[in-house]
Structures are given as structure tokens and as C-alpha cells.
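Following: one structure in C-alpha cells, then a few remarks.
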Amino acid sequence: MAQQDRSHSRIRATGRRRKPPAKGRRAVRVAAWSAAGLAVVGGGGLAYGYVTLNGNIDSVDINAQLRDDDRPEDVDNGSMDILVLGSDTRAGANGAYGRDEGAARSDTAMILHVHEGHRKASVVSVPRDTIVERPDCTDKTGRAVPGQRKAMFNMAYEVGGPACAVKTVEAMSGIRMDHYIEVDFTGFKKLIDELGGVEVTTTKPIKDTSSHLDLAAGTHTLTGEQALGLVRTRKGVGDGSDLGRIQLQQAFIKAFIEQVKSVGVFTSPQKLWGLADTATKAITPDAELDTVKELVGFARGLQQLGPDDVHMITLPVRYDPADLNRVVPLQAQSQQVWTALRQDRPIPASATKDAATGTAQGVVE
């Protein structure tokens, strides 16, 4: 875990992009908003809290593993882009969710674009089974990982770790990621439980033994275990597709944001401390967010966002004729998405026209 002192210029407290130093180092899906609870802790001047929370943070130095000349330009237009990954590792406490086959994959991937002024955000969910061109990567041990012309998106994380996932997203989007945040199954559950649960309304029953979920139609305050089941379920809703699961995830995230704002996180020291302690243990951020001070600056850039301020879409895709269990990007529509984000504009409705969708829209409100 990196604990080096950093100059003020490297801390993106305002969320504005800056040119990286020539030789220097440069979020669940819910981890980005979980980190917002740290903002008030940072304002309290609690030295003990700082030391404790800093000790919780384990980070990954993305920039040290990526060559700057292989990455998109870091455009200074006031926006901010974060790759948020949910890891499906079955190691340790996560073993309850299946057998560990030796490597984790990115179970969920979202690109969070915070627009200039930080009052609006756009989120693009990337289906894990999307067929993409994976670039050459170097993993955390320095081992070269050859690229692949037709690879599943979530394999980038498996073969090359977080840096390869970032490089793959940057290659497909042409957008430089300012930050990276990862959260695993166990961390996600603990965050929800610490928050006191998240209230959702289901318009029809959801039952999936694979994800340990059994919900009747109606309003529920989900525990961490239930919330994890909801964002993981496929067979329990609609056509059982990953696209349908993404629709559930997006609905849950909006409910999560609403819950964070309604339970007094920013006014209750006890609630704030518990959430901050849990969040810093649950997430793995990039090395520019590996201290409470840096997370405070990052969190302030998200604090004003409410559920109605976040526009969420799924990357425009179609089912792969060669394998209906896979999807491929619709090139023209995908370029509309990436161009809008690069130019810090809203994603146009036409970008998702004719794209494949799941059948879980409206199941969770």
C-alpha cells in the first residue's frame, strides 16, 4: 500500500483533470458514492481517525503499470472519469459465492463520468461478456500479457489485473481514466449493512437460488446479503441475461444514492465513522486515492449528486451471431457515447437506439 507524501497538485480535490507529471504517478459500482462519507471525517480534524482509516486502504498503482504515451490525452475540461469494477473473486470470505478458480474477473464494470461542475454524471455499464479488442498489457508482476483481437471484456482483469482493465477501457473509449475503484462481494455486503440497508420496491417476485435471493413483490429494506443477491441475479428475472442484470444494478445504485442522502451520513458522526471505516476496508482505489485526504477531495466532487442527477445507460451492443451468450458493441452508437463523454456532453438518446436490452427494466424501483 502506497503511503508516500504527495504534493497538493496531485490531489484532485476539485475533480478537475490536470496534466500528469512527466515521470510521476498519476469508483459498485457503489464504492464511488460510499467514499463520499469520508468528506465530513476529513473536516473533523481527527488525527486518530486519519491514521486508522489510512491504514485500512489497500491501493493499486495503475499509472506505474501503464505507459503514458499509450494512453489517451488527459484533457483539462473540468470533468472526471472513473472506472468502477466489482470483482468476482471467490477467495477468502467470498468463497460462499462459488469455487475460486484461481483468478478474479470483473463481474461488473461501470464508467462514471462526472460532468464539469459536478452536478451531473453519466454512467456507462459495460456488459462483462462484451467482445472487445484487448490491448497488450503488463500485469502487476511486470509480466507481458499479449493482446487479443476478440476477447471477453471481463477477461482483461483476469489476465492483467486492474491496469489491464483500465487500459482496455481507455482503448475502446479513447477516454483517459482519472481514477479506478474496485469493490468485492464481501466489501459490498458490509457497506450495505453499515448503511442500515437500502430500500427498494420490486414490482414482481424475484427468486434465484444461485444468488441467494428470494423477494416477494413489494417494498423491502435489503440487507447486504440481499443487495448482493439482487445485483448478481440473472436467472431470477426476465430473460436471464447479463443485460437484464445490469438494469437491476442500475436501479439499485439509484436507490443506494438516495439512501446515503436520507440516513444522515453527513450529519451523524457515528454513522459517518462506521461507513468510512467500512468503505476504506471494502474498496481498492488507485494510488492517487490511497489516503483519507485524497479520498476527501474525490468525495467532494460527488457529494452533490442525487439519483436524478445520474444518467445511466448500458454500452450499446447487439448479440453476437456466432455466440448468443456474448454481445458486441454497436460501433456507430458506441462512438456517440464516447464522443459525448470526451466532449463532456450528455449522452444522446440516439446512442442507445436499436441496442439489445434486457427485460428487467422496471422490476426494481
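The values are calculated or read from the model by the stated rules, or taken from the named source; none is laboratory data. Not measured: the values here are computed from a predicted model. Counting neighbours? That spans all protein chains shown, and the Cβs are built from the backbone with ideal geometry, glycine included. Surface areas here come from the heavy atoms of the whole protein model, side chains and all, with no ligands, DNA or RNA. Shrake-Rupley method; radii C 1.70, N 1.55, O 1.52, S 1.80 Å.
Suppose we filter the range 70-85 for residues that are open to solvent by 40 Å² or more (accessible area, probe 1.4 Å), farther than 15 Å from residue 137 by Cβ and of a type in the set (Asp, Glu); how many remain?
Of the residues in the range 70-85, the ones open to solvent by 40 Å² or more (accessible area, probe 1.4 Å) are 70, 73, 75-76.
Those still in the list that are farther than 15 Å from residue 137 by Cβ too: 73, 75-76.
Those left that are additionally of a type in the set (Asp, Glu): 73, 76.
Result for the range 70-85: 2.
Could you tell me whether residue 253 is part of a helix (DSSP H, G or I) and either under 21 Å from residue 304 (Cα atoms) or among the polar types (S, T, N, Q) (or both)? Before the answer, list the steps.
Values: part of a helix (DSSP H, G or I): yes; either under 21 Å from residue 304 (Cα atoms) or among the polar types (S, T, N, Q) (or both): yes.
Against the criterion (part of a helix (DSSP H, G or I) and either under 21 Å from residue 304 (Cα atoms) or among the polar types (S, T, N, Q) (or both)), residue 253 qualifies.
Kindly indicate whether residue 94 is at pLDDT below 90, open to solvent by less than 10 Å² (accessible area, probe 1.4 Å) and over 13 Å from the mean Cα position of the chain (by Cα). Talk me through it step by step, then tell me what you get.
On the way: at pLDDT below 90: yes; open to solvent by less than 10 Å² (accessible area, probe 1.4 Å): yes; over 13 Å from the mean Cα position of the chain (by Cα): yes.
When the stated conditions are applied, residue 94 passes them.
What residue, among those in the range 120-176 that are among the charged types (D, E, K, R) and assigned to a helix (DSSP H, G or I), is modelled with the lowest pLDDT? Give the steps one after another, and end with the answer.
We begin by selecting, within the range 120-176, every residue among the charged types (D, E, K, R); these are 120, 128-129, 133-134, 136, 139-140, 143, 149-150, 158, 167, 170, 176.
Going one step further and asking which of them are assigned to a helix (DSSP H, G or I), we end up with 158, 167, 170.
Working: 158: 92, 167: 97, 170: 98.
For the range 120-176, the residue satisfying everything is 158.
Any idea which residue in the range 303-354 is nearest to the chain's Cα centre (by Cα), counting only those that are farther than 21 Å from residue 257 by Cβ, open to solvent by 40 Å² or more (accessible area, probe 1.4 Å) and charged (D, E, K, R)?
342
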